[in-house]
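Here the structure is laid out as structure tokens; the discussion comes afterwards.
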Amino acid sequence: MIPCAKFRGCLLAALAGDCLGAQFEFSPRRSSFRTVWLAFDANMRERRRWPLVYTDDTALTRAVCESLVDCRGRVEPASLARSLTDAYFKATDRGYGAAAGGVFEDLRDANFADPFGPAAALFEGRGSYGNGGAMRAAPLGLIGAAAAAAPNAEEVQLATRVTHSNALALAGARLMAAAVRLALRFDGVDVDRLYDSLAAEAAAADTACGLHEGEASSYTSSMRQVKEFLGKHPASSAVDEEARAVAGALGTEVTALRSVPTAIYCALRTLRPSHRVHPLISEWQPPGNQNPSIDEAVSTEQRQQQQRLVDCLTFAVSLGGDTDTIASMAGAIVGAALGADALPASLMLACEASDAVDSLATRLHRVAYSS
Ligand code: 8NA
Ligand code: MG
Ligand code: MG
Ligand code: MG
């Protein structure tokens, strides 16, 4: 059985990436690693409840979880459509993609009679290739890891099609769910093996959506670039050059193809046992360490895990572009691998609704292992 702490780590780190990244989403200029880190440090030092609000990424991830819990771990498109739509109308100002609002309005107006219809009609019938399906796919990876019959590619497809019907969006969501599912079982050492499994998933996702090996724009070709970057080990002093190169090659856009492999790179980079946390962060003591009412004392090993996760989120946001979504997806993968111990209490205090996300993760875990 996958420990509940890993479900919690996944969803809490996804929340943290969204909340931290939202401050930088589509800034006109990319921010340096140092600038991003200083902002995060200030966020955690504030020691106020919820200065950081979450965006559409978390609103919809919560909605996916709620629907999965209600449906005993199954994807039921009508239930999911209702849950996503409810989340949208509860707060339409959480930074949704331009096409999302119309889909939710149409779903509601037709009383969810055809959960796939409105999304299929978008963009003259081509459907959205945005990353909005992938950004809420983490719970599907969690449920998929517990299912006897994993991988759950078909369920991911059903869940994604409610808002995103384009083949590129479906493949991206499938790859993201697979990344979470595989990260849950990561042994802490063999990143090459994790990469190989993901590259195979990317190839299967490409085939399923009619992309072909060797095509310049495919998940397979992006994963090949991920491997190249993983093979380099630039010094911490060159982290901004690394970010510029990664952002240019893999992308930081709102499209699934130009964001999911980017998030995967951020996660695998951090999970390499050889990875050195940036000195700004390895010298950092979570502020709550001075305030026992917020952070309980943590072991050296736990401190290192926390630094690793924060290093990952800082790097992801320093790439620029769709920072909340890329950091949220990268966080989900790393959080699934490291578990809830990797989340500093001072960070959880800063992120909106962290208690609700935490209990939702526990409920999802219960459902995953009770059916
Ligand atoms: P989406 O479905 O609106 O897709 C995002 C954008 O991609 C669209 O608005 C189009 O510009 C473009 N696009 C997608 N498919 C096509 C197509 N077939 N042909 C031409 N253009 C296309 O939204 P989503 O849910 O996928 O987006 C997720 C992103 O939106 C996340 O980054 C999330 O954080 C949010 N976001 C919102 C804003 C905002 O200004 N409100 C900005 C960035 C990101
Ligand atoms: Mg967002
Ligand atoms: Mg969406
Ligand atoms: Mg975004």
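The values are calculated or read from the model by the stated rules, or taken from the named source; none is laboratory data. On a predicted model such as this, the values are computed, not experimentally measured, just so you know. Cβ placement follows ideal geometry from the backbone for every residue including glycine, while neighbour counts extend to all protein chains displayed. The accessibility values were calculated without ligands, DNA or RNA, using every heavy atom of the protein model including side chains. Shrake-Rupley method; radii C 1.70, N 1.55, O 1.52, S 1.80 Å.
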request  = Quickly run through segment 1-23 and pick out the residues that are within 16 Å of ligand 1 (Cβ to nearest atom) and either of a type in the set (A, V, I, L, M) or open to solvent by less than 30 Å² (accessible area, probe 1.4 Å) (or both).
outcome  = A14, L15, A16, G17, D18, C19, L20, G21, A22
request  = Can you tell me which residue among D93, D114 is within 16 Å of ligand 4 (Cβ to nearest atom) and over 21 Å from A368 (Cα atoms)?
outcome  = D93
message = Could you go through segment 161-183 and let me know if any residue there is out of contact with any Gly (no Cβ under 9 Å at 6 or more places or on another chain), open to solvent by 10 Å² or more (accessible area, probe 1.4 Å) and hydroxyl-bearing (S, T, Y).
response = no
Segment 309-358, subset of a type in the set (D, E, K, R) and assigned to a loop (DSSP other than H, G, I, E, B), residue nearest to E242 (Cα to Cα) = D322
message = Looking at segment 35-53, can you tell me whether even one residue there is within 16 Å of ligand 1 (Cβ to nearest atom), within 22 Å of L140 (Cα to Cα) and touching a residue at least 40 places away in the same chain (Cβ under 8 Å)?
response = no
query = In this structure, does A99 turn out to be in contact with a helix residue (DSSP H, G or I) (Cβ under 6 Å, 6 or more places away or on another chain) and modelled with pLDDT under 95?
reply = yes
task = Would you confirm whether any residue within segment 43-52 is under 22 Å from C266 (Cα atoms) and either among the aromatic types (F, W, Y) or in a helix (DSSP H, G or I) (or both)?
result = yes
query = Where in segment 175-291 are the helices (runs of 4 or more DSSP H), entirely inside, with at least 3 residues that are within 17 Å of L338 (Cα to Cα) and in contact with a Cys (Cβ under 8 Å, 6 or more places away or on another chain)?
reply = 260-271
task = Show the residue pairs that are 6+ apart or on different chains and have beta-carbon atoms under 8 Å apart, the first residue being within segment 222-242 and within 25 Å of A205 (Cβ to Cβ), the second being charged (D, E, K, R).
result = F229/E242; F229/R269; L230/R269; L230/R272
